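Nothing in this text is a laboratory measurement; each read-out follows from the coordinates by a stated rule. What you see is a predicted model; the values in this text were computed from it and never measured. Cβ atoms come from the backbone with ideal geometry, glycine included; neighbour counts cover every protein chain shown.
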Amino acid sequence: MSEVADIGQKGEVVLAARNVAKSYGNIHALKGVNFDIRRGEVTTLFGENGAGKSTLMKILSGVVQPTSGEIILDGEPVAFASSSQARDRGISIIHQELSLAPNMNVRDNIFMGREIMTATGVDFAEEERQTRLLMEELEEDIDPLTPVEELRLGQQQIVEIARALSVNSRIL
Ligand SMILES: Nc1ncnc2c1ncn2[C@@H]1O[C@H](COP(=O)(O)OP(=O)(O)OP(=O)(O)O)[C@@H](O)[C@H]1O
Ligand SMILES: [Mg+2]
């Protein structure tokens, strides 16, 4: 699970791990890991159970902090103390376990915690309009007013992706 560092070459590495290690007590989850994520590309990471895939993704998205090594964003070292700090820099993560409220509709899930407000309250019409645009962008025929629990699992994952995209994620 390693890749040669080459920031500065063509293909533009936007996010990278450099010689990252993570230990939990005497368990070495990661050791000497180099990993590049490039603009406009889908990057796949694979490895056996316990190889450290989730740990690396959590480090790149600020959920956990490395024991040593560096995270490089746009060529500059960064240290994320939390996932919200990573999100502020455009990095979002979608966990395998979904984080949607099943009894709420698609629109309300996408804008949960960051509702669009008018002087008189939540602007549901604008939220619905933006949700429709997101679904068009993702080429998904999902009605914004459908309760999430009525969607198939794959569609629920689309809702998670739409929510991440709607907060201007550069790296998902
Ligand atoms: N919070 C933790 N405390 C202690 N050990 C941990 C913790 N998180 C992960 N580990 C250990 O670190 C190693 C890497 O785990 P990780 O979950 O990153 O692997 P993975 O590649 O995602 O595995 P899987 O394919 O099963 O999802 C494993 O040995 C795991 O037991
Ligand atoms: Mg995992």
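Over segment 13-88, what is the mean sequence separation of C-alpha contacts under 8 Å (at least six apart), divided by residue count, expressed as relative contact order in percent?
36
Using only alpha carbon pairs under 8 Å that are at least six residues apart, calculate the relative contact order of the chain and give it in whole percent.
About 19 percent, as a whole number.
Along the charge dipole of segment 40-172, which of Thr118, Gln65, Asn105 sits closest to the positive end, that is, farthest toward it, with unit charges on the beta carbon of Lys, Arg, Asp and Glu (+1, +1, -1, -1)?
Going by the charge dipole, the pick is Gln65.
Check which residues have an amide H placed less than 5 Å from Gly69's amide H, if you skip close sequence neighbours.
Ala21
Through the Karplus equation 6.51 cos²θ - 1.76 cosθ + 1.60, θ set to phi - 60°, convert the phi angles of segment 88-105 into ³J(HN,Hα) values in whole Hz; use x for Gly and Pro.
Karplus-based 3J(HN,Hα) across segment 88-105 equals 4, 9, x, 9, 10, 10, 10, 7, 4, 7, 5, 10, 8, 8, x, 7, 9, 7 Hz.
Counting Lys and Arg as +1 and Asp and Glu as -1, each charge on the Cβ, what is the dipole of segment 13-88 about the Cα centre in debye, to the nearest 20?
180
If you take every residue apart from Arg87 with its C-beta less than 13 Å away from the C-beta of Arg87, what net charge results, scoring Lys and Arg +1 and Asp and Glu -1?
+3
Provide, in order from the shortest bin, the percent of all Cα-Cα pairs of segment 106-166 in each 10 Å bin, continuing until the bin that contains the maximum pair distance.
24, 57, 17, 2
Could you tell me the number of lysine pairs in the chain with C-alpha atoms less than 25 Å from each other, where the two lysines are 8 or more residues apart or belong to different chains?
Qualifying lysine pairs in the chain: 5.
Fully extended, how many nm does the chain gain between Arg152 and Phe124 (0.36 nm per residue separation, minus their Cα-Cα distance)?
7.7 nm
Find how many whole Å separate the alpha carbon centroid of segment 16-53 from the alpha carbon centroid of segment 136-172.
Going from one Cα centre to the other spans 27 Å.
So what J values fall out for segment 24-39 if you push phi through Karplus, 6.51 cos²θ - 1.76 cosθ + 1.60 with θ = phi - 60°, rounded to Hz, Gly and Pro as x?
Per-residue couplings from phi come out as 10, x, 9, 8, 9, 5, 9, 8, x, 8, 10, 8, 10, 10, 10, 4 Hz.
Using a Gaussian network model of the chain with C-alpha springs under 10 Å, which one of Asn105, Asn19, Asn49 is most mobile by mean-square fluctuation?
Answer for the Gaussian network model of the chain: Asn49.
Taking R0 as 30 Å, what FRET efficiency do you get between Leu45 and Ala101 from their Cβ-Cβ distance, rounded to the nearest 0.05?
Approximately 0.55, to the nearest 0.05.
Return the ratio Rg/(2.2 N^0.38 Å) for the chain, where Rg is computed over Cα atoms only.
My calculation over the Cα atoms of the chain gives 1.17.
List the relative contact order of segment 106-166 as a percent without decimals, with contacts defined as Cα pairs under 8 Å and 6+ residues apart.
Computed value for segment 106-166: 43 percent relative contact order.
Which value, in debye to the nearest 20, describes the size of the charge dipole of the chain about its Cα centre when Lys and Arg Cβ atoms bear +1, Asp and Glu Cβ atoms bear -1, and nothing else is charged?
Using Cβ point charges on Lys, Arg, Asp and Glu, the chain gives about 820 debye.
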